[in-house]
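K.L.:
Could you have a look at this structure, given as structure tokens, before my questions?
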Amino acid sequence: MRISSYPVVSALLSHNPKTVLRHSLHTFNISNQQRLYAQALRNTTPGTNIKYQQSYPSTKQRVLITGCMGQIGVELIEALAARYGKGSVVCSDVSTPTKDNLDQFAPFYFCDVNDRERLQMIVDRENVTCIVHNAAFLSASAEQNVAAAVRLNTIGLFNVLEIAKRNHLRVFVPSSIAAFGPTTPLESTPNTTIQRPTTVYGIGKVYAELMGEYYALKHGVDYRSLRYPGILSYKTKPGGGTTDYAVHMFYYALQGEHYECYLQPDQKLPMMYMPDCIRGTMQFILDTKQEQLKERTYNIAAYSFSPIQLEQMIKKFIPSFSVSYRPDFRQGIAESWPRILEDDSARGDWGWGEEFNLEKTCRDMLVNLSKIIPNSVKLQNID
């Protein structure tokens, strides 16, 4: 079946992983995804190349987001599309959209960033000007998948930097509080300090920061990175990070269920609400000139809290919410991370500043999440 001459990911129509990899050079880019998807399912056997109409014009900004279906990627796509138009964003991941949300990610490429040739083909085909490299194993999941995490968090990054050098692209790679370790000053952790992480994820982030600086110094690559704290979001579920407990609490509270937390009640960590994260990231990547940057990597944060502090704040709106504490291996990870992150450099050099404090975050999370998931409680003191 031939709909047009533009290539797409036919592998979405196959449940065979080998077929997915074999056809990972193709992309979805469609205007009526429901009709075409249904037509493809009726008329195509798994593994056949399905081609959809190219429908988006070229724009000045063409941002490729790897790992686009992760927590931050999903919301960054929305923000970029709102600002520059839908055709400004090119999406890729090794997870595939469903037929219901396919249009949100179009144009979409199934791509393993460990394969440099395929990544280069996407950059060439889509006239990419900037890469946001979000593809990574997160902290807790990386500890359980060490070999795969090392490949993705190092080889994938190297491929992105090499392509950026060759094509004169700007690169943004998110870093994390995981880039620090137990020998780091954990109270008011400064932007430049000791970095000796004890997790595979954290080691990968330090590697990314140093390799990015190397490519900037030796090859003139416009490399930028932000050390994110834990991120709270109601739009996407958490994906295997140590700070995920915070989002879990909101789900359990709204559903009237007891929550068992895997961290100690007093384990304070830096956090941020997703709207601030996206706004700050956009400002840093797209609005900040190179001359303003005194660093390639910056700390950013909004506030710090412990599990029991979050529990108490949620109880202000859902008094019946209950939490017990049973620390597991993630407690050891959390203990090696900053309790308070100093971000004076970001505030001074390029104007970073948050808009949400903890109470405002909790109120907004509960109101919006209650519209999305089934819930059995009535919110109090919400106005």
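K.L.:
With θ set to phi - 60° and the Karplus curve 6.51 cos²θ - 1.76 cosθ + 1.60, what are the ³J(HN,Hα) couplings of the range 196-211 in order, to the nearest whole Hz, using x for Gly and Pro?
P.N.:
Residue by residue, the range 196-211 yields 10, x, 10, 10, 4, 4, x, 4, x, 5, 5, 4, 4, 4, 6, 5 Hz.
K.L.:
A further question follows. Starting from the amide H of A135, placed 1.01 Å from N in the peptide plane, find each other amide H under 5 Å away whose residue is 5 or more places distant or on another chain.
P.N.:
Correct list: T66, G67.
K.L.:
N368 versus V150, label points 7 Å from Cα toward the beta carbon: distance in nm?
P.N.:
Between N368 and V150, the label points sit 3.9 nm apart.
K.L.:
In the range 200-257, what GluC sites (Glu not before Pro) fall in a loop by DSSP, with at most 15 other Cβ atoms inside 10 Å?
P.N.:
E257
K.L.:
Less than 13 Å apart at the alpha-carbon level, and either on another chain or at least 8 residues along: which aspartates and glutamates does that give for K205?
P.N.:
Within reach: E213.
K.L.:
Using a 7 Å offset from the Cα along the Cα-to-Cβ direction at both F158 and D287, what is the distance between the two label points in nm, to one decimal?
P.N.:
3.7
K.L.:
If you don't mind, there's one more thing I want to ask. With θ set to phi - 60°, apply the Karplus curve 6.51 cos²θ - 1.76 cosθ + 1.60 along the range 71-86 and write out the HN-Hα couplings as whole Hz, x wherever there is a Gly or Pro.
P.N.:
Each residue's phi maps through the Karplus curve to give 4, 7, x, 4, 7, 5, 4, 4, 5, 5, 5, 5, 8, 10, x, 4 Hz.
K.L.:
I've got another one for you. Between the DSSP loop rule and a limit of at most 12 other Cβ atoms within 10 Å, which GluC sites (Glu not before Pro) in the range 313-373 are left?
P.N.:
Answer in residue order: E355.
K.L.:
Another question, then. Return the carbon/sulfur percentage of the accessible area of the range 220-274, one whole number, probe 1.4 Å, all protein chains in place.
P.N.:
41
K.L.:
Sequence-distant or interchain residues sharing an amide H contact under 5 Å with L226, placed H: which?
P.N.:
V173, S175, Y298
K.L.:
Averaged per residue, what accessible surface does the range 336-383 expose to a 1.4 Å probe, in Å²?
P.N.:
Per residue, the range 336-383 has 53 Å² of solvent-accessible surface.
K.L.:
Accessible area of the range 140-209 with a 1.4 Å probe: how many percent of it is carbon plus sulfur?
P.N.:
58
K.L.:
Counting Lys and Arg as +1 and Asp and Glu as -1, each charge on the Cβ, what is the dipole of the range 154-260 about the Cα centre in debye, to the nearest 20?
P.N.:
Using Cβ point charges on Lys, Arg, Asp and Glu, the range 154-260 gives about 460 debye.
K.L.:
I want to make sure I understand the PRE zone here: with the label point 7 angstrom from the Cα of E355 toward its beta carbon, which residues in the range 226-265 have backbone N atoms less than 17 Å away?
P.N.:
Within reach of a label on E355, which here means backbone N under 17 Å from a point 7 Å along Cα→Cβ, the range 226-265 contributes 232-235.
K.L.:
Right, here's the next one. Among 87-96, 314-323, 370-379, how do they line up by average Cβ neighbours within 10 Å per residue, starting with the highest?
P.N.:
So the order, starting with the most tightly packed, is 87-96, 314-323, 370-379.
K.L.:
Let me ask another. Provide, as a two-decimal number, the C-alpha radius of gyration of the range 257-306 over 2.2 N^0.38 Å, N being how many residues it has.
P.N.:
So the Cα radius of gyration is 1.63 times the expected 2.2 N^0.38 Å.
K.L.:
A follow-up question, please. Label points 7 Å out from Cα along the Cβ direction at R125 and E260: separation in nm?
P.N.:
Label at R125, label at E260, 4.7 nm between them.
K.L.:
How much area per residue is accessible in the range 111-157 when the probe is 1.4 Å and only protein heavy atoms are counted (Å²)?
P.N.:
Per-residue value: 41 Å².
K.L.:
Quick one: what are the phi-derived ³J(HN,Hα) couplings along the range 95-103, Karplus 6.51/-1.76/1.60 with θ = phi - 60°, whole Hz, x for glycine and proline?
P.N.:
9, 10, x, 8, 5, 6, 10, 4, 4
The values are calculated or read from the model by the stated rules, or taken from the named source; none is laboratory data. These numbers come from a predicted model, not from an experiment. For neighbour counting, all protein chains shown are included, and Cβ atoms are generated from backbone atoms with ideal geometry for every residue, glycine included. Only protein heavy atoms, including side chains, enter the accessible area calculation; ligands, DNA and RNA are left aside. Shrake-Rupley method; radii C 1.70, N 1.55, O 1.52, S 1.80 Å.
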